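Here's the structure we're looking at; comments come further down.
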Amino acid sequence: MIAPTPAPPYVAVIFTSLRSEGDHGYGATAGAMVALAHEQPGFLGVESAREGLGITVSYWRDEGAARAWKDVAAHLVAQRRGREVWYSDYRVRIATVTRDYGPSTSELAR
């Protein structure tokens, strides 16, 4: 599903990863992290796809909200597990969205 984001500006945290072999609890933790993110102040939505290369983009009201998510205790545990077990490589990118448009937005957004 495409995340229903507000009019820009807002922040996108782009997590790109290559998985290691085996699940090792990844699926359950990934689901728990999405549920936990939904409870965080400033969370706007999330989109994720995996076909070899995994890309998860979470959207946040502002950089402060995105930074606060990085420091949530359960998320810190998941990050450590990811570095140690789940990912052979990964990259995190933080961006400010300045334009957002598609068929369901007005021409003014373009």
statement: By the C-alpha gyration tensor axes a ≥ b ≥ c (rounded if a/c is under 1.5, else prolate when a/b exceeds b/c, else oblate), the shape of the range 20-100 is prolate
message: I need the peptides 71-78, 97-104 ranked by packing, meaning the mean over residues of other C-beta atoms within 10 angstrom, with the highest value on top.
response: 71-78, 97-104
Separation of the residue 80 and residue 47 label points, Cα + 7 Å toward Cβ, nm: 3.3 nm
message: Treating only the Cβ of Lys, Arg, Asp and Glu as charged (+1, +1, -1, -1), what charge dipole size does the range 20-100 show about its Cα centre? Round to the nearest 20 debye.
response: 220 debye
Under DSSP loop assignment and at most 15 Cβ neighbours within 10 Å, longest GluC sites (Glu not before Pro)-free interval of the chain: 40-110
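Only the coordinates and a few stated rules stand behind these numbers; no lab work does. For clarity, every value in this text was computed on a predicted model and none was experimentally measured. Neighbour counts run over all protein chains shown; Cβ positions are idealised from the backbone, glycine included.
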